[in-house]
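Q: The structure under discussion is supplied below as structure tokens; questions concerning it will follow.
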Amino acid sequence: MKRAAVPLAVLAIIALLLAPLRLNGYAINLLYVTVLSIALAYGWNIISGYAGYFSFGQIAFFGVGAYATALIVVNLHWYWMAAALAGGVLALALAIPLGYVMLRLRGPFFAMGMFGMAQMVRVLVTAVPATGSGSGLFLPPGSGITEVYYWTLAICLGAIALTVWIDRSAFGLRLQALREDEQVAATLGVETTRAKITAFGLSALIPGLLGGGYALFLTYIEPDAVFSSRLDLQSIVMAILGGLGTVWGPLIGGLVMTQISEALWARFPQIYLMIFGGLLVVLLIALPRGIVPALAARFARRSGA
Amino acid sequence: MPQMRKRRRVVLQAWHMSAPLLVVEDVSLAFGGVQALNGVSLEVREGEIFALIGPNGAGKTTLFNVISGVLRPDGGDVRFAGRSILGWAPHRIARAGVARTYQIVRPFGRLSVVDNVAVGALVHARTIGQARNDARDVVGFVGLGAYADRPASSLTLTQRKRLEVARALALRPKLLLLDEVMAGLTPTEMDGMAEFVQHLSERGIAAIAGIEHVMRLVMRISHRIVVLDAGRRIAEGDPAAIQTDPAVIEAYLGAPLAGAG
């Protein structure tokens, strides 16, 4: 298992790097959206999976990244990737004070609080005249889907590498301890506020970096498109289906979801969402902790027997 | 037994000479209209076994919460190793050398036994590998070696109690707060736990054991005892003095303490 993993991963990465050379427009768009959702799921998995703080508002940082990139490209004429990087840094800078306030809330209060926070950020962004208010903003054409795809793929791979590191690090152990019982973690010497804010910052940086690419992909952005609750929910479901707080959960969950969604969409275009929703419910009932923990338990049982 | 008396005498001699490790001074805390702690004071010396006894609701757990920084008292002071730790965050108090267990065991269920303990060991370890190695030693020390890699949620109650102690020990504390660490154990297991606490005391680790019942053990191993009732300190002294204290006897409904365990 373990020995096969490395060459398999290298092959997968090579295939992903070469994909734009062979794929047609529809396929490359689909691949881009898949990689984007998986990367968003990895971002969400740090604060919500590892630290246990369920957020329904991380998409705010995606929107901030998208708008920051658009404004910088339109007004300062930076190369878009530099602008997208600035968008990510801005999201991170916003997340630190926000996290300091929001992470005092726990459980459903944090979840709802983040939802409200995302709406607030969205209203604030559209209140600025430079963003074209509610009517949106056009980006100069010129950067193709290929560039956006590579940018997003790089961030997705970076997010996976970051998660692998977290899962093995002292930082990750502290996050998991505070997820299980925050007070006990604190009385065992864990500086919980610092650990939570760091996790929250990383979970803002990743969507912040991805937002710029999405703005370029759309070429025209408006609040509903980038503060997208559909993208937000989709990435959350991917992480949960794959397995919260696991290294491979967001990837496996993301692949399973997009495959099922595409297959259903092609065959039952009218009712695919209904079937998809039903299927999700069944999957989550059958595998309450997600696909990866269920597989891990099965392997452990087999090797133990 | 004679050996133990001798040890007690040595510790008592040291008590008069050394500076106190922990000083709780006139601590009060009310929850709404309930005065959970009412001007409680006590002093604990290095290596001392200190019993905090009292009926359910006397304020033992509240006092532990105050000392470990989980709750902030309305008045009074808490000093550890000569410095006031009032208002310190719990993680800072833990790192300074005060470790605690919880009355209702609270393992990190989805983490392995070793990782539960490694969280505390991280305070001293440079790397996570080192923390896990240290944790494995402590896990073996409390007799959970065979369960080291299992999830903590698979442990029995007795094992969970030991895990609580192991996690606290991994901090290498100078003072251990044991909240009802005997509750739910069989008599044999209680003896084992008592021996364990004595062993720690010999290594210089002081312990405050909050205990509701099991007076037999309290009388045998404690160097000093404070009795709490409804948030007030009603008696303090060595085991012999406590057993004959009229206020204590009254708080325990007239039952002579020696027979209550």
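Q: Only one of A:M257, A:M274, A:M238 is assigned to a helix (DSSP H, G or I) and more than 20 Å from A:I160 (Cα to Cα); which?
A: A:M274
Q: Give A:L40, A:L30, A:L18, A:L23 a once-over and let me know the one that is under 17 Å from A:M238 (Cα atoms) and at pLDDT below 95.
A: A:L30
Q: Pick out, from the range B:165-254, the strands (runs of 3 or more DSSP E) lying fully within it that include 1 or more residues that are aliphatic (A, V, I, L, M) and within 14 Å of chain A (Cβ to nearest Cβ).
A: B:175-179
Q: Can we say B:G109 is facing another protein chain (nearest Cβ under 7 Å), outside any helix (DSSP H, G or I) and in contact with a strand residue (DSSP E or B) (Cβ under 8 Å, 6 or more places away or on another chain)?
A: yes
Q: Hey, among A:A185, A:A215, which residue is in a helix (DSSP H, G or I), under 30 Å from B:L122 (Cα atoms) and in contact with a Phe, Trp or Tyr (Cβ under 9 Å, 6 or more places away or on another chain)?
A: The match here is A:A185.
Q: Is it the case that A:A130 is free of Cβ contacts under 8 Å to residues at least 24 places away in the same chain and over 30 Å from B:V114 (Cα atoms)?
A: Judged against the criteria, A:A130 is not a match.
Q: Something else about it: Mind listing whichever residues of the range A:159-174 are within 10 Å of another protein chain (Cβ to nearest Cβ) and under 17 Å from A:G249 (Cα atoms)?
A: Listed by number, the residues that qualify are A:R168, A:G172.
Q: Among the residues in the range B:130-139, are any of a type in the set (A, V, I, L, M) and in a loop (DSSP other than H, G, I, E, B)?
A: no
Q: Further question: Scan the range A:240-253 and tell me whether some residue there is under 29 Å from A:W80 (Cβ atoms) and either crowded, with 19+ Cβ neighbours inside 10 Å or within 14 Å of chain B (Cβ to nearest Cβ) (or both).
A: Yes, the range A:240-253 contains at least one residue that is under 29 Å from A:W80 (Cβ atoms) and either crowded, with 19+ Cβ neighbours inside 10 Å or within 14 Å of chain B (Cβ to nearest Cβ) (or both).
Q: Among the numbered conditions (1) within 14 Å of chain A (Cβ to nearest Cβ); (2) surrounded by fewer than 23 Cβ atoms within 10 Å (Cβ to Cβ); (3) on the phi > 0 side of the Ramachandran plot, tell me where B:G69 comes up short.
A: In the conditions (1) within 14 Å of chain A (Cβ to nearest Cβ); (2) surrounded by fewer than 23 Cβ atoms within 10 Å (Cβ to Cβ); (3) on the phi > 0 side of the Ramachandran plot, B:G69 misses (2) alone.
Q: While we're on this one: Could you pull out the residue among A:I14, A:I28, A:I46, A:I72 that is in a helix (DSSP H, G or I) and under 13 Å from the mean Cα position of the chain (by Cα)?
A: One residue alone meets the criteria, A:I46.
Q: Criterion first (facing chain A (nearest Cβ under 10 Å) and aliphatic (A, V, I, L, M)) does B:A81 satisfy it?
A: No.
A quick yes/no check of all residues on (1) at the interface with chain A (Cβ under 9 Å from one of its Cβ atoms); (2) among the acidic types (D, E); (3) surrounded by 20 or more Cβ atoms within 10 Å (Cβ to Cβ):
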site: B:G75; (1), (2), (3): no, no, no
site: B:A89; (1), (2), (3): yes, no, no
site: B:Y102; (1), (2), (3): yes, no, yes
site: B:V119; (1), (2), (3): yes, no, yes
site: B:A125; (1), (2), (3): yes, no, no
site: B:V139; (1), (2), (3): no, no, yes
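Q: Determine whether the range A:143-152 contains at least one residue that is within 19 Å of the chain's Cα centre (by Cα), farther than 21 Å from A:M81 by Cβ and among the aliphatic types (A, V, I, L, M).
A: No, the range A:143-152 contains no residue that is within 19 Å of the chain's Cα centre (by Cα), farther than 21 Å from A:M81 by Cβ and among the aliphatic types (A, V, I, L, M).
Q: Would you tally the residues in the range A:175-196 being more than 22 Å from B:N65 (Cβ to Cβ) and either modelled with pLDDT under 95 or facing chain B (nearest Cβ under 7 Å) (or both)?
A: Final tally of qualifying residues: 1.
Q: Listed residues A:A215, A:A159, A:A225, A:A177; which is over 27 Å from A:A19 (Cβ atoms) and in contact with a helix residue (DSSP H, G or I) (Cβ under 9 Å, 6 or more places away or on another chain)?
A: So the residue among A:A215, A:A159, A:A225, A:A177 that is over 27 Å from A:A19 (Cβ atoms) and in contact with a helix residue (DSSP H, G or I) (Cβ under 9 Å, 6 or more places away or on another chain) is A:A177.
The values are calculated or read from the model by the stated rules, or taken from the named source; none is laboratory data. Fair warning: this is a prediction, and the values are worked out from it, not measured in the lab. Using ideal geometry, Cβ is built from the backbone for each residue, glycine included, and neighbour counts are taken over all protein chains shown.
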